[in-house]
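The values are calculated or read from the model by the stated rules, or taken from the named source; none is laboratory data. Quick caveat: nothing in here was measured; it's all calculated off a predicted structure. Virtual Cβ from ideal backbone geometry, glycine too; neighbours counted across all protein chains shown. Ligands, DNA and RNA are excluded from the accessible area calculation, which covers all protein heavy atoms including side chains. Shrake-Rupley method; radii C 1.70, N 1.55, O 1.52, S 1.80 Å.
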Amino acid sequence: MGDWVVRMIEQSGYLGVGFLMFLETIFPPIPSEVIMSVSGVAAAKGQMSLGWAIASGTAGAMLGNIVWYLAARALGIIRLKPFIDRYGRWLTMDWDEVQRAERWFRANGTFFVFLGRMLPTVRSLVSVPAGLLKMRFKTFVIASTIGTAGWTAALAYAGYTLRERFNEVDDWIGPVSNAILATMVLGYLWRVIRYRPAN
């Protein structure tokens, strides 16, 4: 995976960075840690500007974020009501809880989106609840852009600093991602076991 990313960035420059980050957002197994770290290494070698690499990565990721947001918004939470009513146990929520989540999101959604963009694993999922719960588009874009820029900048700067040792970024972030994923899975299983519908 890393060699393919390196070749793409060497051959396509900023366009390659943006395209890879777009793919990473649409198809999360493509690691942003590698993409932006390699971009940082390229900047350290003088092959591109660090600032423009960050801007390209942010733009590509935001395009993917907006695609997911618009798809989820077009679907809308109301259309999921029959599905939630039928499979509430496995979704670990009933319609009353969905409505509570909607109220919570109206009050805290901006911070949720901003923070979620900077968390491994979670960052790729944030657009879906924002779209389903019809978060204001302008607010979504602003919060997402700030969080996404922070994430891409941190990774690019790490690659810029570490240079050929950029794999150390994934060595550190990988266990964090796994820990977050494990926490999400355990939390889901706990909710399934404890699930009691309101009605």
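Annotations for the structure displayed:
- The range 1-150, dipole about Cα centre (Lys/Arg Cβ +1, Asp/Glu Cβ -1), debye to the nearest 20: 520
- Sites Arg7 and Leu63 - FRET efficiency at Förster radius 22 Å, r taken between beta-carbons, to 0.05: 0.50
- Per residue accessible area in Å² of the range 1-66, where ligands, DNA and RNA are left out and the probe is 1.4 Å: 42
- Inter-site label distance for Leu70 and Leu15 at 7 Å from Cα along Cβ, in nm: 2.1
- Radius of gyration, Dmax [the range 18-159; alpha carbons; angstrom]: 16.8, 57
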